[in-house]
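First comes the structure, then the notes that go with it.
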Amino acid sequence: MLLKVEELLRGLSPKGKRAWRLLLVLLVYLAAKALAWLIPLPGPALFRPSATLVYDRQGRLLHAFLAADGRWRINTPLREISPHLQRAVLGYEDRWFYWHPGVNPLALLRALIQNARAGRIVSGGSTITMQIARMMEPKPRTPAAKIREILRAFQLELRYSKRKLLEIYFNIAPYGGNIEGAAAAAWIYFGKEASQLSLGEAALLAALPNSPTMARPDRNPAQAKAARDRVLRRLLARRIITKKEFTEASSEEIPEGRHPLPRLAPHFCVDLHLDRPGVPRLYTTLDLRLQAMAEDLLRLHLRDLRKEGITNGAIVILENETRAILALVGSGDFHDAAHAGQVNGARALRSPGSALKPFIYALALEKGLITPAHYVEDVPMDFSGYAPENYDRTYSGIVSARAALERSLNLPAIALEQALGKEGLYELLRRAGIRGLRPRHSYGLAIAIGGVEITLEDLTALYAMLADGGRYARPRQLLDEPVAAGIRLLDPGTAYIITDILTGLRRPDLPTCWEFSSLPRVAWKTGTSYGHRDAWSIGYNPRYTVGVWLGNFSGHGARNLIGAEVAAPILFELMNSLCRGKQIPWFTRPDTVGVRKVCALSGQSPGPYCEELVEELYLPDRSPVTVCRLHKAVEIDAATGYRLPPHYAGGRKTRRLVYIDWPPRVASWYASLGLSTDRLPPLSPVCQDPIPGAPPVIRSPSRDCTYRLREGIAPEYQKICLEASSGNEVRKLYWFLDGILVATVKPGERAFILPIVGKHRLICQDDLGRTAEMALVVEE
């Protein structure tokens with residue numbers, strides 16, 4: 001039949017042949033229109049899922065992930081395909097691509113005649129569009145399949161532009177094995193982008209789709225070379241390339257294996273890919289050099305720490321200005337299955353220990369509760385049945401807020417958190433959108449010392465907020481993510497004062513006088529969770545914030561897992577490397593921060609009896625201006641030795657005694673240790689008026705606590721402890737239950753009473769007439 005068609009065409013005049021061909025094209029076009037209406041194009045077969053390439057901020061490849069169907073296919077726009085490859089494919093496969101309507105009638109007819117003469121398929125006559133149709137719907141090569149292919153080609157041409165069709169071809173053409181698309185082939189065979197291909201490399205890729213198995217360079221390099229040279233010869237014959245280009249391209253080496261794709265920054269890249277599956281290229285904020293430095297440093301330290309039972313760690317480095325993640329290390333070794341290396345420690349919820357304390361002090365500064373020099377009480381306290389201790393189980397009586405934060409004392413931080421109430425640490429974490437935060441009622445005061453879980457990434461972002469003057473923003477992962485405006489969690493003045501305090505901590509890399517060295521200045525804090533399960537160290541300067549976590553993913557603790565001892569050295573090695581050779585100016589003091597002199601002991605405005613003063617930073621619009629309440633004076637009757645109130649001194653001969661009026665809890669604690677304090681002489685019997693001053697502080701029973709009697713236990717074994725703190729001028733305390741005196745004790749002494757079911761009124765009164773009162777509820 002094909003021979004008859006050939007004879008018929010030979011018998012026609014040139015005009016007749018042209019008319020016949022136009023008629024044939026018209027018929028096929030109408031058939032394609034009908035097919036398009038009846039059978040829509042299978043979109044998923046044309047636009048297949050893409051593999052993902054992840055790059056660092058400099059465009060260096062970090063990681064590659066297979067497409068969802070298990071193929072190496074990297075969807076790439078035509079503008080990113082090498083011009084060499086476009087020339088080679090069009091010149092070798094379909095030089096009339098931009099002129100024909102999807103089918104080249106001459107090429108198709110020539111192929112039909114050649115196949116008929118040979119008695120087998122020796123030529124397909126397929127255009128690039130027809131090849132797309134065949135790849136879209138793979139079928140055995142039969143006349144019916146060819147007709148459908150032709151109709152589909154017309155349909156494709158009606159639907160898409162020529163450039164779009166060429167782009168589809170370059171994204172779905174087979175290149176051997178599970179490699180589809182020119183971009184994937186360029187990476188796997190040559191280790192480069194499709195835009196960077198040389199002419200010889202492009203010629204090889206132009207040949208591969210015709211014989212993707214036999215011409216695979218990694219399996220059959222000789223056949224691959226022959227196929228490439230065949231393409232080059234055709235391009236030369238058609239004057240698409242010059243003789244010089246032909247010679248140079250022909251001399252290029254044929255790759256004899258696949259280029260291994262990198263698997264760098266695995267924790268970061270895996271999370272990013274899971275969050276954005278099917279995105280062909282992700283350009284991240286990571287810096288490969290810093291990432292490698294952080295990984296190497298963590299691995300080096302863990303090598304020595306593992307013999308101490310510390311098996312893993314994580315590191316996060318942020319750029320403060322943009323919140324870009326410059327490095328994120330999730331574990332010591334991603335492939336260490338024995339120690340759960342694939343867990344991302346940078347994003348695992350862990351107890352931060354003391355690492356959140358700076359934010360409690362910051363909130364207390366903003367609320368006007370403290371200043372850096374203002375005293376806070378560091379004595380044993382009972383918070384409605386919760387009796388925390390300091391890390392080393394020692395206490396200092398009173399210390400400045402600065403010293404309490406520098407020494408990371410537990411009791412002052414918990415007391416401040418209680419004073420902040422609903423505007424405390426939980427609210428700050430909630431406003432920041434910290435991941436894993438449970439409802440407020442899930443936490444108590446222990447939130448101040450690690451009773452809340454947080455990720456290293458979020459904790460590092462909180463410290464970056466301090467570096468940015470109190471503006472919080474989520475860390476950025478991708479370069480095309482806009483720099484967020486963020487939200488203001490703290491005033492710039494508050495952030496500056498907290499930074500000033502954290503800069504004063506003694507560094508492990510240079511114990512003293514580090515400010516006179518060439519080491520970069522760093523504000524930093526550590527944390528150690530309960531049971532030595534987590535060790536943290538976070539530090540920042542105006543440019544970078546670095547977070548370090550060490551621990552075990554199993555949750556097991558280790559005796560030496562202490563933030564200041566194992567995490568801080570890594571922090572400072574990183575900071576030293578980050579800042580080496582860079583001049584980074586320190587933070588500028590905001591106009592909202594002032595400097596003033598205060599009493600060295602109380603941190604309050606100097607009174608007439610304060611002798612030693614110190615300078616402190618403060619917030620003029622909110623810091624307390626209370627005059628010192630610790631240094632006081634009384635008049636002593638020279639004749640009797642009794643203490644006299646000022647209005648009783650009259651014309652008597654007196655002498656002035658200056659003393660320290662310790663807060664009641666502190667005075668009682670000193671007394672319990674047998675430490676001497678300023679004991680005032682007794683008040684003159686002629687004084688009848690109440691004496692001003694602080695009343696006793698009831699320490700037990702706990703306020704807002706209901707006592708329940710335990711069944712089967714005698715009441716005498718369930719007695720309730722009465723204990724109160726008082727100032728150092730008090731000599732006796734009197735306890736009244738429902739108006740009845742039940743106990744008389746000295747300050748610091750305890751009394752015990754039998755529990756009586758019901759609601760009672762409990763009063764503690766000192767010998768100067770000052771009282772404290774609370775409700776006591778006992779239930780069966």
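The values are calculated or read from the model by the stated rules, or taken from the named source; none is laboratory data. These numbers were taken from a predicted model, which means no experiment stands behind them. When we count neighbours, we look across all protein chains shown, and the Cβ atoms used for this are built from the backbone with ideal geometry, even at glycine. Note: accessible area is taken over every heavy atom of the protein model, side chains too, but ligands, DNA and RNA are not part of it. Shrake-Rupley method; radii C 1.70, N 1.55, O 1.52, S 1.80 Å.
Of all residues assigned to the stretch 704-724, none qualifies as being assigned to a loop (DSSP other than H, G, I, E, B), among the polar types (S, T, N, Q) and at pLDDT below 85. Scanning the stretch 329-387 for residues that are closer than 21 Å to V593 by Cα and touching a Cys at 6+ places or on another chain (Cβ under 6 Å) turns up nothing. When we screen P542, P492, P508 for residues that are within 22 Å of A403 (Cα to Cα), open to solvent by 20 Å² or more (accessible area, probe 1.4 Å) and within 23 Å of the chain's Cα centre (by Cα), the only hit is P492.
Evaluating V54 against the criteria (1) in contact with a His (Cβ under 7 Å, 6 or more places away or on another chain); (2) at pLDDT below 65 leaves one unmet condition, (2). Taking L683 as the residue in question, decide whether it is more than 30 Å from Y361 (Cα to Cα) and surrounded by 18 or more Cβ atoms within 10 Å (Cβ to Cβ). Yes. Among the residues of the stretch 625-642, those identified as modelled with pLDDT of 80 or more and more than 14 Å from Y609 (Cα to Cα) are V625, T626, I636, D637, A638, T640, G641, Y642. There is no residue in the stretch 245-257 that is touching a Pro at 6+ places or on another chain (Cβ under 8 Å), part of a helix (DSSP H, G or I), touching a residue at least 24 places away in the same chain (Cβ under 8 Å) and not small (G, A, S).
Each residue in the stretch 578-631 was checked for being charged (D, E, K, R) and open to solvent by 80 Å² or more (accessible area, probe 1.4 Å), and 9 of them qualify. Applying the condition of being assigned to a helix (DSSP H, G or I) and among the aromatic types (F, W, Y) to the stretch 139-182 and asking which residue is modelled with the lowest pLDDT yields F154.
Considering only residues in the stretch 545-562 that are in contact with a strand residue (DSSP E or B) (Cβ under 7 Å, 6 or more places away or on another chain) and either modelled with pLDDT under 95 or aliphatic (A, V, I, L, M) (or both), the one that is most open to solvent (accessible area, probe 1.4 Å) turns out to be I562.
This table checks each residue for (1) at negative phi; (2) free of Cβ contacts under 8 Å to residues at least 40 places away in the same chain; (3) hydrophobic (A, V, I, L, M, F, W, C).
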| position | (1), (2), (3) |
| --- | --- |
| A194 | yes, no, yes |
| S198 | yes, no, no |
| A202 | yes, no, yes |
| A207 | yes, no, yes |
| T213 | yes, yes, no |
| N220 | yes, yes, no |
| L236 | yes, yes, yes |
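Checked against (1) without any contact (Cβ under 8 Å) to a residue 60 or more places away in the chain; (2) over 19 Å from L768 (Cα atoms), A633 meets all criteria but (2).
Residue-wise test of (1) open to solvent by less than 20 Å² (accessible area, probe 1.4 Å); (2) touching a Phe, Trp or Tyr at 6+ places or on another chain (Cβ under 8 Å); (3) assigned to a loop (DSSP other than H, G, I, E, B).
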position: T744; (1), (2), (3): no, yes, no
position: I756; (1), (2), (3): no, no, yes
position: K759; (1), (2), (3): no, no, no
position: V777; (1), (2), (3): no, yes, no
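Table: residues versus (1) farther than 23 Å from G551 by Cα; (2) at pLDDT 95 or above; (3) not in a loop (DSSP other than H, G, I, E, B).
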{"site": "L416", "(1), (2), (3)": "yes, yes, yes"}
{"site": "H441", "(1), (2), (3)": "yes, no, yes"}
{"site": "E457", "(1), (2), (3)": "no, yes, yes"}
{"site": "P482", "(1), (2), (3)": "yes, no, no"}
{"site": "A485", "(1), (2), (3)": "yes, no, no"}
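Listed by first and then second residue, the pairs with beta-carbon distance under 7 Å, at least 6 apart or on different chains, first residue in the stretch 475-493 and within 24 Å of D271 (Cβ to Cβ) and of a type in the set (G, A, S), second open to solvent by 30 Å² or more (accessible area, probe 1.4 Å) and outside any loop (DSSP other than H, G, I, E, B), are G486/R471. When the stretch 529-568 is filtered for residues that are charged (D, E, K, R) and not in a loop (DSSP other than H, G, I, E, B), the ones remaining, listed by number, are D534, E565.
Residues in the stretch 374-391 that are of a type in the set (A, V, I, L, M) and either touching a strand residue (DSSP E or B) at 6+ places or on another chain (Cβ under 9 Å) or within 17 Å of Q604 (Cα to Cα) (or both): V376, V379, M381. Yes or no: the stretch 283-299 includes at least one residue that is open to solvent by 40 Å² or more (accessible area, probe 1.4 Å), at pLDDT 95 or above, within 29 Å of P217 (Cβ to Cβ) and more than 20 Å from the chain's Cα centre (by Cα). No - not one qualifying residue is present in the stretch 283-299.
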